Amino acid sequence: MLLQERQHRILEMLRAQGRVYATELSHFLGVSEDTVRRDLNSLSQQGLLRRVHGGALPCQHDLVDYRDRKDEVEPAKQAIALKALSFIQPGQTVLIDSGSTCLHIAQNLPTHFPFTVVTPSPLIASQLISHENIELILVGGRVFKPAIMSVGAATNAMLQEIHFDLCFLGVFALHTSSGLMINNLEEAQTLKVMIAQSETVVGLADASKLDKVGTHYIASCNKLSALVTSNDANEAILAELSEAGVEIVKA
């Protein structure tokens with residue numbers, strides 16, 4: 001088996017299983033453990049996996065403070081947001097998460113029919129103050145400043161009192177076997193409640209968020225009704241998500 005084919009097999013197994021072990025790879029690929037370790041080290045140096053003792057894990061997505069990037073112009077995220085707007089229908093109660101793609105959604109919401117927006121993000125809410133056709137509900141609680149959103153017991157209790165027709169969920173990390181993940185425990189708990197209270201959950205993620213993991217588990221991939229993503233997203237990952245029942249929409 002050629003080097004390139006062997007390393008491709010390793011990445012396929014990692015995507016399918018969520019973790020690989022050098023010993024198992026050695027038996028499966030018919031090569032020595034030393035060869036497997038060299039392959040894993042090479043793939044780690046390329047940023048394609050995360051090397052750990054005895055094997056490897058998917059790459060962990062780094063937490064970048066949203067406060068430092070909220071004013072950046074990101075065409076891919078703008079395109080995803082505009083494509084996602086088609087899910088909104090008149091009269092719905094729509095939950096909008098925090099994050100840069102959700103901010104683009106808030107800035108481009110339809111103005112020709114009435115609906116309700118609920119958000120734990122004061123930044124999202126501030127975009128909608130002058131929107132005549134939107135009834136706006138800001139969910140309170142302790143503000144987790146890196147994400148500019150309310151989290152914690154008070155936030156979760158308020159969210160549990162509302163049924164949402166539609167939820168726009170900013171995806172931090174999505175892996176086909178590990179599911180939706182994020183790096184803050186309280187934020188993960190609030191996102192779990194948001195998903196549980198929503199009829200339709202639309203994930204928003206550019207290609208960089210796919211095949212990544214975080215520290216804290218939120219939900220399995222099939223909790224997403226749809227994923228709106230960029231055109232350069234990995235087709236194999238999208239195919240697995242589609243098989244799990246997730247509608248794939250490319251921007």
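The values are calculated or read from the model by the stated rules, or taken from the named source; none is laboratory data. Here the structure is a predicted model, which means the values were calculated and not measured. For neighbour counting, all protein chains shown are included, and Cβ atoms are generated from backbone atoms with ideal geometry for every residue, glycine included. To get the accessible areas, we keep the full protein, side chains included, count just its heavy atoms, and leave off ligands, DNA and RNA. Shrake-Rupley method; radii C 1.70, N 1.55, O 1.52, S 1.80 Å.
By the gyration tensor of its Cα atoms, with a ≥ b ≥ c the square roots of the eigenvalues, what is the shape of the range 81-141: rounded for a/c under 1.5, prolate for a/b over b/c, or oblate? The partial results should precede the final answer.
Details: a/c = 1.58, a/b = 1.18, b/c = 1.33.
Oblate shape, in that a/c is at least 1.5 and b/c is the bigger or equal ratio.
Hey, can you grab everything whose amide H is under 5 Å from the amide H of Gly179? Only 5+ residues off in sequence or another chain; H modelled, so Pro and N-termini drop out.
So Gly179 has HN proximity to Cys221.
If you add up the charges near Leu210, with Lys and Arg at +1 and Asp and Glu at -1, over every other residue whose beta carbon is less than 13 angstrom from its beta carbon, what do you get? Display every interim value, and only then the final one.
On the way: positive: Arg15, Lys209, Lys212, Lys250; negative: Asp206, Asp211, Asp232, Glu235, Glu240.
Net of charged neighbours comes to -1.
Counting other Cβ atoms within 10 Å of each Cβ, which GluC sites (Glu not before Pro) in the range 78-163 have at most 15 and sit in a DSSP loop?
Values: sites: Glu132, Glu135, Glu161; in loops: Glu132, Glu161.
Counting only loop positions with at most 15 other Cβ atoms within 10 Å, the GluC sites (Glu not before Pro) in the range 78-163 are Glu132, Glu161.
Give Lys83/Lys192; Lys145/Lys223; Lys192/Lys250; Lys77/Lys250 a once-over and call out the pairs whose C-alpha atoms are over 20 Å from each other.
Beyond 20 Å: Lys83/Lys192; Lys145/Lys223; Lys192/Lys250.
Can you tell which of Ser242, Pro114, Thr93 lies farthest toward the positive end of the dipole of the chain, using +1 and -1 charges on the Cβ of basic and acidic side chains (Lys, Arg; Asp, Glu)?
Ser242
Could you go through the range 210-220 in sequence order and give the Karplus-derived ³J(HN,Hα) for each residue, using 6.51 cos²θ - 1.76 cosθ + 1.60 with θ = phi - 60°, rounded to whole Hz, and x for Gly and Pro?
Running phi through 6.51 cos²θ - 1.76 cosθ + 1.60 with θ = phi - 60° gives 8, 6, 10, 10, x, 7, 10, 6, 10, 6, 6 Hz.
Taking H placed 1.01 Å from N in the peptide plane, check which residues at least 5 places from Gln60 or on another chain put their amide H under 5 Å from its amide H.
Sorted by chain and number, the residues that satisfy this are Val213.
Ignoring any ligand, DNA or RNA, what whole percent of the accessible area of the chain comes from carbon and sulfur when the probe is 1.4 angstrom? Don't skip to the answer; put the middle values down first.
On the way: 5690 of 11570 Å².
Of the solvent-accessible surface of the chain, carbon and sulfur hold 49 percent.
Give, in nm to one decimal, the length gained when the segment between Val193 and His112 is fully stretched (0.36 nm per residue of separation minus the Cα-Cα distance). Don't skip to the answer; put the middle values down first.
On the way: separation 81, 0.36 × 81 = 29.16 nm, distance 3.01 nm.
Contour length minus the Cα-Cα distance gives 26.2 nm.
Averaged per residue, what accessible area in Å² does the chain show with a 1.4 Å probe, protein chains only? Walk me through the numbers before you get to the answer.
Values: 11570 Å² over 251 residues.
Per-residue value: 46 Å².
Check Leu169: other-chain or 5+ apart residues with amide H under 5 Å from its amide H, H built from backbone geometry?
Counting only residues 5 or more places away or on other chains, the set is Val202, Gly203, Leu204.
Can you tell me the relative contact order of the chain? Whole percent, Cα pairs under 8 Å, sequence separation 6 or more.
Details: 506 pairs, mean separation 41.8, N = 251.
Rounded, it is 17 percent for the chain.
So, R0 is 25 Å and r is the distance between the beta-carbons of Ile162 and Gln89; what FRET efficiency does that work out to, to 0.05?
Details: r = 17 Å, r/R0 = 0.69.
Here the calculated transfer efficiency is 0.90.
Given Cβ point charges of +1 (Lys, Arg) and -1 (Asp, Glu) and nothing else, what value in debye, to the nearest 20, does the dipole of the chain about its Cα centre take? Mind showing how you got there, number by number?
On the way: 20 positive and 27 negative charges, 96 e Å.
About 460 debye.
When the chain is treated as a GNM, springs tying every alpha-carbon pair under 10 Å, which of Arg51, Arg15, Arg38 comes out with the largest mean-square fluctuation?
Arg38
With the Cα gyration tensor of the range 159-238 giving a ≥ b ≥ c as the square roots of its eigenvalues, does the rule (a/c under 1.5 for rounded; else a/b larger than b/c for prolate; else oblate) give rounded, prolate or oblate? Write down the numbers at each step before the final one.
Numbers: a/c = 2.26, a/b = 1.40, b/c = 1.62.
Oblate shape, in that a/c is at least 1.5 and b/c is the bigger or equal ratio.
Between Ile129 and Lys250, how high is the FRET efficiency from 1/(1 + (r/R0)^6) when r is the Cβ-Cβ distance and R₀ = 41 Å? Nearest 0.05. Please report the intermediate quantities before stating the final value.
Working: r = 32 Å, r/R0 = 0.79.
With R0 = 41 Å, the Cβ-Cβ based efficiency is 0.80.
Between Ser32 and Gln17, what length comes free when the chain is fully extended (0.36 nm per residue of separation minus the Cα-Cα distance, one decimal in nm)? List each step's numbers first, then the result.
Numbers: separation 15, 0.36 × 15 = 5.40 nm, distance 2.11 nm.
Result for the pair: 3.3 nm of gain on full extension.
Run the simple label-point estimate for Thr215 and Ser177 please: 7 Å along Cα→C-beta, distance reported in nm.
2.4
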